[in-house]
Amino acid sequence: MAEFVEGFEFLSQFKKEVTVFGSARLDPKNRWYKEAKKFGGMLAKSGFTVITGGGGGIMEAANRGAKAVDPSKSIGLNIQLPQEQRMNEYVTKGKGFYYFFTRKVMLSFSAQTYVYFPGGFGTMDEFFEIVTLVQTKKAVKVPIVCVGKDFWNPLLKFVSDKLVDEYKTANAEDMKLFTVVNSAEEALALVKKSKDRKLF
């Protein structure tokens, strides 16, 4: 309970938040690391606060881009683990969490757009959880943006072909809950159409 209270208090000092998700394993030479870095800078320049999980890879890239433009826009919400997941050096304001579930709530609580770059199981977990919350109307409907068509389209084709068409375990309308783009510029255009979410 204390983590929830502290987390909400921490987030209350920011506005126009955009949460960026993605793999912690992608290095600076990777195409999507570079795109996430550019995206972070574009967000900060446009007055948005960049929130990430505070780790490496895509998270580091987005924080790095934001910090280079406006240090006050680079925020990290980290998880405390025994041997991994340290706060990246580009986070200027951060908070660590002991519990995964508390951190996940904070990453999605006040974002006016969720942006997903290529990632692993963790990114998939975060993506499908948000989609499920919006689908079931347990979360406010805001833009959900997937960056990287070559990465996301095969997965979403599986969802469309198997879940929607063949097994009927999802509806065609559900495919409209997210948008796939291929660049930081396209993602930013969708972010700019979103509305600021108030904490309370």
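The values are calculated or read from the model by the stated rules, or taken from the named source; none is laboratory data. Bear in mind the structure is a predicted one, so any value in this text is a computation, not a measurement. With ideal geometry, Cβ positions are generated from the backbone for all residues, glycine too; neighbour counts draw on all protein chains shown.
Within segment 162-191, residues that are within 26 Å of Ala62 (Cβ to Cβ) and of a type outside the set (Asp, Glu) have Cβ atoms under 9 Å from residues that are surrounded by fewer than 12 Cβ atoms within 10 Å (Cβ to Cβ) and modelled with pLDDT of 95 or more in these pairs: Asn182/Asp150, counting only partners at least 6 apart in sequence or on another chain. When Asp125, Asp161 are checked against the criterion of being in a helix (DSSP H, G or I), surrounded by fewer than 13 Cβ atoms within 10 Å (Cβ to Cβ) and charged (D, E, K, R), a single residue qualifies: Asp161. Could you say which residue among Lys192, Lys157 is within 21 Å of Lys37 (Cβ to Cβ) and of a type in the set (Lys, Arg)? It is Lys192. Evaluate the following for Ile58: is it within 17 Å of Leu107 (Cβ to Cβ), surrounded by 15 or more Cβ atoms within 10 Å (Cβ to Cβ), touching a residue at least 60 places away in the same chain (Cβ under 8 Å) and out of contact with any strand residue (DSSP E or B) (no Cβ under 6 Å at 6 or more places or on another chain)? For Ile58, the condition - within 17 Å of Leu107 (Cβ to Cβ), surrounded by 15 or more Cβ atoms within 10 Å (Cβ to Cβ), touching a residue at least 60 places away in the same chain (Cβ under 8 Å) and out of contact with any strand residue (DSSP E or B) (no Cβ under 6 Å at 6 or more places or on another chain) - is met. So in segment 68-105, with the set limited to residues that are charged (D, E, K, R) and either part of a loop (DSSP other than H, G, I, E, B) or surrounded by fewer than 23 Cβ atoms within 10 Å (Cβ to Cβ) (or both), which one is modelled with the highest pLDDT? My answer is Asp70. Just checking, does segment 68-80 include any residue being within 23 Å of Val142 (Cα to Cα) and either touching a Pro at 6+ places or on another chain (Cβ under 7 Å) or of a type in the set (Val, Ile, Thr) (or both)? Looking for residues that are within 23 Å of Val142 (Cα to Cα) and either touching a Pro at 6+ places or on another chain (Cβ under 7 Å) or of a type in the set (Val, Ile, Thr) (or both), one finds at least one in segment 68-80, hence yes.
Taken over segment 7-27, the criterion of being closer than 22 Å to Val145 by Cα and without any contact (Cβ under 8 Å) to a residue 60 or more places away in the chain is satisfied by Asp27 alone. For segment 20-57, the set of residues classified as closer than 16 Å to Val181 by Cβ and among the acidic types (Asp, Glu) consists of Glu35 only. Taken over segment 21-46, the criterion of being aliphatic (A, V, I, L, M) and surrounded by 22 or more Cβ atoms within 10 Å (Cβ to Cβ) is satisfied by Leu26, Ala36, Leu43, Ala44. Which members of segment 106-122 meet the condition of being within 15 Å of Phe178 (Cβ to Cβ), out of contact with any helix residue (DSSP H, G or I) (no Cβ under 8 Å at 6 or more places or on another chain) and assigned to a helix (DSSP H, G or I)? Across segment 106-122, there are no qualifying residues.
Of everything listed in (1) closer than 26 Å to Val140 by Cα; (2) modelled with pLDDT of 95 or more, the single unmet condition for Lys34 is (1).
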